[in-house]
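Note sheet for the following structure.
The values are calculated or read from the model by the stated rules, or taken from the named source; none is laboratory data. Remember, predicted model here, so these are calculated numbers, not experimental data. Glycine gets a Cβ as well: all are built from the backbone with ideal geometry, and neighbour counts include every protein chain shown.
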Amino acid sequence: MKVHLALNTLIKNDEFEDAVKLAVTAYNFGVDAIIIQDLGLAKYLKENYPEITLHASTQMTVHNLDGVKQLESLGFSRVVLARELSIDEIKYIRENSSVELEVFIHGALCISYSGQCLLSSMIGGRSRKSRFLCSAL
């Protein structure tokens, strides 16, 4: 069994330290990978904790080969592709990249577009998962 921590929201300035603490604590507890949306958090973790395995969340809305290659160059070992891609687009990316790929086979619950859950946060103050996970630890 593998355990992946979904820390896949955009991190606000006042949440950054808690998000880092959560990621490092989870890694120290043995989590196999951390699913990230926030590039700033990913960059910080890769620079300071290079052994942590990072997966790029579908919330990043990665929908083309250039996006996949960029994330691979940043140290991500897996990219969860945007939900809106066709099977032919996924096949093209697979054939032209070496990073692990993951895909959803159903739509999103937010507003049906990958990576747009921030809208829920701004409108209703929800989707701030990192804050609640940090306080649980």
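Numbers at a glance
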item	result
Meets criteria (in a helix (DSSP H, G or I) and crowded, with 18+ Cβ neighbours inside 10 Å) for Val68	yes
Tally of residues being modelled with pLDDT of 95 or more, over 13 Å from the mean Cα position of the chain (by Cα) and either buried (at least 16 other Cβ atoms within 10 Å of the Cβ) or in a helix (DSSP H, G or I) (or both) across the stretch 55-65	1
Selection from the stretch 1-34 of residues that are assigned to a loop (DSSP other than H, G, I, E, B) and charged (D, E, K, R)	Lys2, Lys12, Asp32
